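For reference, the structure is listed below as structure tokens.
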Amino acid sequence: MGWHDKMNAFAEKVNSSVGNSFVGRFFEFETRNATFISELRGATATFMSMAYILAVNPRILSDSGGPCVDADGNPFSDAYSDCVESIRRQYVTSTAIASLFGCVAMGLLANLPIALAPGMGMNAYFTYSVVGFRGSGNVSFQAALTAVLIEGAIFLFLAVTGIRYAIIRIIPEPARHATPPAIGCFLAHLGLQTAEGIGVVVSDVATAVTLGACPPERRTLMVAYTDECRDDGICVFSDAYTCDVLGGVMTSARTWVGILGFVIMAVMLAYKERSAFICGIGLITVTDGFASNTAITYFPDTQEGDARFEYFKQVINIESVNELLAQYTGNLSHVGVALITFFYVDFLDTSGTLLGLAHAMGVVDEEGNFPKSRAAFSADALATMFGSVFGLSPVTSYIESGSGVEAGSKTGLTACTCGFYFFLSIFFAPIIASIPPWARGGALIIVGALMCRSLGSVKWWDVTHAITAFLTVIVIPLTYSIAHGLIAGIGAYMFMHGTFWLLSFVGIEKPVFTNPDDFYIEPEDAFDVSDNVKAPMDETADEDGMPNDEEAGTSSAEASGDLNVSPDDAGLKASDEVET
């Protein structure tokens, strides 16, 4: 027996043992056709895809200044800056603790392979729009945290009573089909950029985004040119940069290493190797670690690189959270707008993420239900409330969980394992936070591509469905907001159908879209106005214009091959009871 056969035999033995144990029965391994090894592999892929939150979230939230104050009211004094640095380190621990709680709650209560952590986007809104950079906003840090607590409590009430899911179910069918691909495009957009990816796409003064991948020494940082920046020289720089000024497009060694990681993962996935994400991310991370004093190192000889290496060398480090703990207040003046914004953004973001990932798992029925949905939303709400105790912005379900789903995750054991990884990160945060973004960017791009498969379910011949789906897909990545994309798609759908309803009162009948060929144009005829809009019917089509599978020689199910996930494969059979 060869080494590979021995490993397979060992894996089968472990899967059988765990599957027949209390753990396997609790997480419904047999019902969902899950195995322990696939859950562990999926959890590792998910965690490695979202581990960046341990580095990024503290940096963003500490910009608010937290509870720091200066005796002279100077937010740039040495004492205030030292306090901000202390808060940043404490946020590493608080981020890990809140993520641990959220993941375990989702795994135990909802039995879904979805990991939770402080939401990107909402943390930036919390810092720069509500509290303000170093406390320069109209809302105090304590009042903002109280608003997060109240928002979580409202969500919990809506989740427990079922009202939250009832609201979600009114999302139109095309928006539901378009949400997973839209989230996938969002993930790919992140993976193509520098902060969380390989750096191919960068900012541009004229076109907003453009081709980048220039090395660090050729990057020109973007600045918010506010009145304070112009008059007082207090300018806030971002991570966004452009390559237009100094050039060097596609010459970054880090980008090419990231592309190599992308190719490795893509090829391994083509051979159905489900450890592709782990191998790809791990290989690039280890290579980077041994490539000191090179262009691809994560620890360059700069002030920022030295700070990263000093933090990495600690290996084991536990920071206190005493300055962040339970910073609430009864003074909620000026907090109304922030509370409403937290509410609707968290509501739509979480709803879109849960529905999108559940759809990718193949466990969503025709009515848009998925198992234990009420428990899933309750876990998300509880995590937000718990996170506020540790000074965090809303904690939410992470779209990076798609990495684990694609790696084979099907049960809540994945989420609980992610929680265990976050527990370890409390002690090993210096190591976990040192995974380079270009190592994980390829995984996000691939997951984004795989999540676009449900676009085939959109009724593109129905103009209302086509426009709704397209707006949902295009707006989410371009605005960095799942909420804004859903608002655009649902709003367009409601507006069009509302217009049809009003026109019916003056005798104009509502348009009916029943034939897929009604709005189909052959590519070569797209600009030929002399031809009819309707293309000739395919010889293998039936009289309704739909493809005739028998004459065409293939069925749509056969044509889709491995890209489709059936409910049975995902572990949810038609006879299973769906709890909402």
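The values are calculated or read from the model by the stated rules, or taken from the named source; none is laboratory data. If you're wondering where the values come from, they're calculated on a predicted model, not measured in any experiment. Heads up, the Cβs are rebuilt from the backbone with ideal geometry, glycines too, and the neighbour counts pull from every protein chain shown. These accessible areas exclude ligands, DNA and RNA; they are computed on the full protein's heavy atoms, side chains included. Shrake-Rupley method; radii C 1.70, N 1.55, O 1.52, S 1.80 Å.
Structural remarks
- Of every Cα-Cα pair in region 109-149, the percent that sits beyond 13 Å: 59
- Probing with 1.4 Å while keeping every protein chain in the model, the per residue accessible area of region 399-479 equals 28 Å².
- Considering only Cα atoms, the convex hull volume of region 375-454 works out to 130 Å³ per residue.
- Cα lying deepest toward the dipole's positive end in region 367-491, options LEU486, SER373, LEU471, charges on Cβ: SER373
- Cα-based Lys proximity count in the chain, under 21 Å, for pairs eight or more positions apart or on separate chains: 9
- Unit charges at the beta carbon, dipole of region 1-79: most positive-side option, ILE37, TYR52, ASN15: ASN15
- Normalised per residue, the volume of the convex hull around the Cα set of region 283-357 (Å³): 230
- With every protein chain in place, the chain: carbon and sulfur % of accessible area (1.4 Å): 62
- Assigned charges on the beta-carbon of Lys, Arg, Asp, Glu; region 270-322 dipole about Cα centre (debye): 340
- Here the relative contact order of the chain, from alpha carbon pairs under 8 Å that lie six or more residues apart, stands at 27 percent.
- Gyration tensor verdict on region 113-207 (Cα atoms; rounded if a/c is under 1.5, prolate if a/b is larger than b/c, oblate otherwise): oblate
- Label-point gap, in nm, between LEU211 and SER292 - each point 7 angstrom along Cα→Cβ: 3.7
- Relative protection proxy for 73-85, 248-260, 475-487, from highest mean packing down: 475-487, 248-260, 73-85 (other beta-carbon atoms within 10 angstrom).
- Estimated [θ] at 222 nm from DSSP helical runs (n ≥ 4, -39500 (n - 2.57)) normalised by residues in the chain, nearest 500: -17000 deg cm²/dmol
- Considering all C-alpha pairs of region 161-233, those separated by over 19 Å amount to 61%.
- Dipole magnitude for the chain: computed about the Cα centre from +1 point charges on Lys and Arg Cβ and -1 point charges on Asp and Glu Cβ, it is near 2020 debye.
- Shape category assigned to region 61-138 from the gyration tensor of Cα positions, a/c cut at 1.5: prolate
- Amide H contacts of ALA117: THR396, TYR398, each under 5 Å away and 5 or more positions distant or on a separate chain (H built 1.01 Å from N in the peptide plane; Pro and chain starts excluded).
- Burial ranking of peptide ranges 204-212, 394-402 (average Cβ count within 10 Å, highest at the top): 394-402, 204-212
- Leading residue at positive end of dipole, the chain (Cβ point charges), from ASN111, SER77, CYS185: SER77
- Lys, Arg +1 and Asp, Glu -1 on Cβ, resulting dipole of region 323-467 about Cα centre, debye, nearest 20: 220
- Interchain or long-range residues, amide H under 5 Å from VAL201's placed H: GLN193, GLY212
- Solvent-accessible surface of region 183-313, averaged per residue with a 1.4 angstrom probe and all protein chains in place: 55 square angstrom.
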